[in-house]
Every structure is written in structure tokens, then in C-alpha cells.
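Values quoted throughout were computed directly from the atomic coordinates according to the rules given, and no laboratory measurement underlies them. No experiment lies behind these values; they were computed from the predicted model shown. Cβ atoms come from the backbone with ideal geometry, glycine included; neighbour counts cover every protein chain shown.
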Amino acid sequence: MYELNPQSIFNYALDFITKQGKPSIERKPDGEIVCQYLSDSGLRCAASCLFTDEERNLIVTKKLNVESAHGLYFNNAFPERLLPFIGLIRSIQRAHDGASRTDNFIKHFRLNMSDVASANGLTYES
């Protein structure tokens with residue numbers, strides 16, 4: 001999958017979401033856009049793409065109605081192996097969520113990820 005270090009986590013999420021090509025979101029009847037860890041069509045959000053199938057299934061099994069890595073953490077459902085990187089993963093997820101509200105998701109996701117790299121001392125290759 002990837003090594004457990006900030007640069008590898010960043011690179012994996014950037015590559016995964018870029019290849020996926022669109023966000024994993026749900027548009028509610030009132031127009032609100034919310035992240036989905038795993039959509040009905042198999043799309044994954046930026047945090048969920050970092051989880052193993054077992055970790056993702058545990059979240060689904062617990063039937064947690066949380067929409068963020070932060071919510072998973074406070075419900076004791078955030079994967080333990082990723083806890084040292086929760087701040088970075090939350091930033092990556094915000095890059096996904098912010099871009100999902102634009103007309104050009106990939107362009108804005110990559111711009112947001114450039115900002116995440118700068119803020120975390122990571123290398124971003126466009």
C-alpha cells in the first residue's frame with residue numbers, strides 16, 4: 001500500500017484521488033455536500049483511500065454516522081496505525097472536501113494539496 005511516513009501518505013492520497021478523478025461525496029436533498037468514505041459506486045474520500053478494507057469495514061460495522069477523520073478519532077474508530085498522522089490526514093481530507101465544492105475538482109484538489117505539502121514540509125510534484 002504505502003509506507004507509514006508523511007510523504008508516502010501524502011503521495012498515496014494525491015495519486016489515488018487524482019486517478020479516481022472525482023470526489024466521493026453525497027448531495028443531500030437540501031443541497032448540502034457531505035463526504036462519503038466509500039460511495040455506492042466505489043469512490044473513496046481522501047481519508048478512506050488510506051484505510052485498509054478491514055479498517056473501512058470496521059467503520060461500516062460500527063454504523064458510525066461521522067463525516068470526518070476527526071469524528072472517527074473521537075468515536076475511537078480512527079485506524080490506530082494512522083493516529084500519528086491524523087493532522088496530516090485531516091488536511092488531506094479538507095483538500096478533498098474543499099475541491100468537491102468546485103466545478104473543476106481535480107484542478108482544485110491538486111492546488112489544495114500543494115498547500116498541504118507546503119504547510120507540512122512535504123514535496124509536491126505537479
Can you give the FRET efficiency for Thr123 and Lys19, using 1/(1 + (r/R0)^6), R0 = 25 Å, r = Cβ-Cβ distance, to the nearest 0.05? 0.85
Taking H as built 1.01 Å from N, whose amide H comes closer than 5 Å to the amide H of Ile25, not counting residues under 5 places away? Gln36
Could you work out the local net charge near Asn11, counting Lys and Arg as +1, Asp and Glu as -1, over the other residues with Cβ closer than 10 Å to its Cβ? -3
Förster radius 22 Å - calculated FRET efficiency between Ser114 and Val34 (Cβ-Cβ, nearest 0.05): 0.35
Can you give me the three principal axis dimensions of region 1-42 from its C-alpha atoms, in Å, biggest first? 39, 17, 14
In a shell of Cβ-Cβ distance under 11 Å around Val116, excluding Val116 itself, what net charge do Lys and Arg (+1) and Asp and Glu (-1) give? +2
Whole-Hz couplings from phi, Karplus 6.51/-1.76/1.60, listed for region 102-118; x for Gly and Pro: 10, 7, 10, 3, 5, 4, 6, 4, 5, 5, 4, 5, 4, 5, 4, 4, 4
